[in-house]
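Quick notes on the structure that follows.
All of the numbers you see were taken from the coordinates with simple rules; none came from a lab. Being a predicted model, the structure only gives us computed values, none of them experimental. Cβ placement follows ideal geometry from the backbone for every residue including glycine, while neighbour counts extend to all protein chains displayed.
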Ligand SMILES: [Zn+2]
Ligand SMILES: [Zn+2]
């Protein structure tokens with residue numbers, strides 16, 4: 001392997017790495033931050049740009065509390081805990 005092909009190989013690997021980390025699927029469409037994965041991106045959009053999330057139907061891991069009149073929303077695994085502490089007296 002000569003110097004030139006090593007150079008091209010490195011360039012190729014660097015470009016491949018960059019294009020993966022800049023995958024627009026994982027990029028916040030509002031502030032362009034890269035979140036690395038879809039779930040993290042969606043969580044970020046809900047946390048930082050909730051208006052955008054509502055308008056664009058961004059999937060949310062948040063679930064509403066089933067208690068009538070309660071406005072609590074939380075992560076799926078937090079809702080039962082909330083329900084227990086707030087509504088089971
Ligand atoms: Zn953002
Ligand atoms: Zn509740």
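Counting pairwise Cα distances across the chain, what percent come out greater than 21 angstrom? Display every interim value, and only then the final one.
Numbers: 2107 of 3916 pairs.
Tail of the P(r) past 21 Å holds 54 percent of the pairs.
How would you rank 44, 82, 87, going from fewest to most other Cβ atoms within 10 Å of each one's own Cβ?
On the way: 44 19, 82 16, 87 13.
Ranking 44, 82, 87 by Cβ neighbours within 10 Å, fewest first, gives 87, 82, 44.
By how many degrees, 0 to 90 and rounded to 10, does the Cα axis of helix 38-48 deviate from the longest principal axis of the chain?
That helix lies at roughly 60 degrees to the long axis.
Just rank 55, 37, fewest to most, by other beta-carbon atoms within 10 angstrom. All intermediate terms of the calculation are to be shown ahead of the outcome.
On the way: 55 9, 37 12.
Ranking 55, 37 by Cβ neighbours within 10 Å, fewest first, gives 55, 37.
Given an 8 Å cut-off on Cα distances and at least 6 residues of separation, report the relative contact order of the chain as a percent. Spell out each step's value before the answer.
On the way: 63 pairs, mean separation 11.8, N = 89.
Relative contact order here is 13 percent.
Going by how many other Cβ atoms sit within 10 Å of their own, how do 41, 81 line up, fewest first? Before the final figure, lay out each step's value.
Details: 41 21, 81 11.
Ascending Cβ contact count within 10 Å gives the list 81, 41.
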